1. Test Leu329 against the criterion of being under 16 Å from the mean Cα position of the chain (by Cα) and within 25 Å of Ala242 (Cα to Cα), and give yes or no.
2. Pick out the one residue from Leu93, Leu108, Leu154 that is crowded, with 17+ Cβ neighbours inside 10 Å, among the hydrophobic types (A, V, I, L, M, F, W, C) and closer than 19 Å to Gly259 by Cβ.
3. Quick one: what pairs do we get from the stretch 28-41, first residue closer than 20 Å to Gly8 by Cβ and in contact (Cβ under 8 Å) with a residue 24 or more places away in the chain, second of a type in the set (Phe, Trp, Tyr) and in a loop (DSSP other than H, G, I, E, B), C-beta under 9 Å, 6+ apart or different chains?
4. Here is a list: Asp288, Asp217. Which entry is within 19 Å of Lys166 (Cβ to Cβ), more than 18 Å from the chain's Cα centre (by Cα) and without any contact (Cβ under 8 Å) to a residue 60 or more places away in the chain?
5. Quick one: is Ser85 under 30 Å from Asp132 (Cβ atoms), surrounded by 17 or more Cβ atoms within 10 Å (Cβ to Cβ) and polar (S, T, N, Q)?
6. Can you confirm whether Glu41 is out of contact with any Asp or Glu (no Cβ under 6 Å at 6 or more places or on another chain) and modelled with pLDDT under 95?
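The values are calculated or read from the model by the stated rules, or taken from the named source; none is laboratory data. None of these values were measured; they are calculated from a predicted model. Note that each Cβ is placed from the backbone with ideal geometry, even for glycine, and that neighbours are counted across all protein chains shown.
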Amino acid sequence: PTFEEFSGRGVWRYAAALPFEAGVSLPEGDTPLHEVPRLREDVGVRTLRVKHEGMNPTGSFKDRGMTVGVRVARELGVERLACASTGNTSAALAAYGARAGMETLVLLPAGKVAAGKIAQASLHGARILEVDGNFDDCLEVVQALAERGEAYLLNSLNPFRLEGQKTIFFELLEGFHADEGRYPDRIVLPAGNAGNTAALYKALRELVRAGSLTDDDVPKITAVQAEGSAPLVEAIEEGREAVERWDDVQTRATAIRIGYPVNAPKALPGIRATGGTAVAVTDGAITDAQRDLAREGVGVEPASAASVAGLRKLRESGVVDADEDVVCLTTGHLLKDPDAAAAAGTEPEPVPNDADAVLDHLG
Ligand code: F0G
């Protein structure tokens, strides 16, 4: 593939804010900013839009980071790309590594990665190592490999990943302003390692510094975690500068089953400086929000629905006002976790192979 192939499109439309003019591209970005009128009415805010990052080539926002990160790796001439992952990073790295013709290695927490994501990593030809431990353990191992020069690390600790992910928010703000004639008051997003939260803050600061956004227009960064893995929320609630590692993390939203958000030092100041907050939601509320989005035709994986569940909770507690303009970020596609989707949806009904019998059954 040539770097020029998709220059000027999607992520690369924002090349002026990126370290290169083009990258290893499939291409990525240009995701929809959905209207969800029934959900908006139900939650009770002035405007609610959903930026669906599940519509990227491998079905998650990770592609925006990989198009930049894998370009850097290729530039450096490294031999092996590697990441730890709850699934989506591994799927994206496998695809972008394949595109660049490079060897990829992914470390996954055994038994805790959704089926669609492993299938992607597998078919794109990554070497998949299943670690007896959680995501945080996997990240420690892969960091050690990178420090020994055995692999190039493409987790969100790699700053080039976050450069690409800034474009989610350039696109979001540009799209919202084009439709509504103003900027949103608040951006709500799920947080695991808090890489996206950090990328959002960096994007906002760059826009302010460039004079594209005034201080008054800066949206409140609002991060959502699952109750069973919420170290970032704990740090915000307790007013601490750093997160404390949770060794035992539990949630059905496996993408954000993370006990030590490595980007917290970049994310916490952003949440505070923009007047935002962080909130934890139950797995039940996440499933309800997944259904709410599905009813609007928007299919997302559980971690993505955390943003909507968090917004609902903050609206109910009065932290979010009725007159706010809000954008929720949904980070991954429904098909990433088919088991979670099937469990949250309607049951298939067995019927005979006969129209009359089918009508009888329908009642
Ligand atoms: N949503 C989805 C669907 C994710 O896959 C992730 C992270 C997040 C949200 C959280 O983003 O880490 O920037 O706060 N997934 C990583 C992975 C950890 O390995 O795929 P964050």
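1. Values: under 16 Å from the mean Cα position of the chain (by Cα): yes; within 25 Å of Ala242 (Cα to Cα): yes.
Yes.
2. Leu108
3. Close Cβ pairs (under 9 Å, with a partner that is of a type in the set (Phe, Trp, Tyr) and in a loop (DSSP other than H, G, I, E, B)) amount to Glu28/Phe6; Glu28/Phe61; Thr31/Phe61.
4. Checking each option against the conditions leaves just Asp217.
5. Details: under 30 Å from Asp132 (Cβ atoms): yes; surrounded by 17 or more Cβ atoms within 10 Å (Cβ to Cβ): yes; polar (S, T, N, Q): yes.
Taking the combined requirement at face value, the residue satisfies it.
6. Answer is no for this residue.
Results for (1) surrounded by 24 or more Cβ atoms within 10 Å (Cβ to Cβ); (2) more than 17 Å from the chain's Cα centre (by Cα); (3) more than 12 Å from the ligand (Cβ to nearest atom), shown as yes or no for each residue.
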site	(1), (2), (3)
Glu238	no, yes, yes
Glu244	no, yes, yes
Thr254	yes, no, no
Val262	no, no, no
Val300	yes, no, no
Ser304	yes, no, no
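Condition check ((1) closer than 21 Å to Arg40 by Cα; (2) over 16 Å from the mean Cα position of the chain (by Cα)) across all residues:
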position	(1), (2)
Gly284	yes, yes
Ala294	yes, yes
Glu316	yes, yes
Val320	yes, yes
Glu324	yes, yes
Asp337	no, no
Asn353	no, yes
Asp356	no, yes
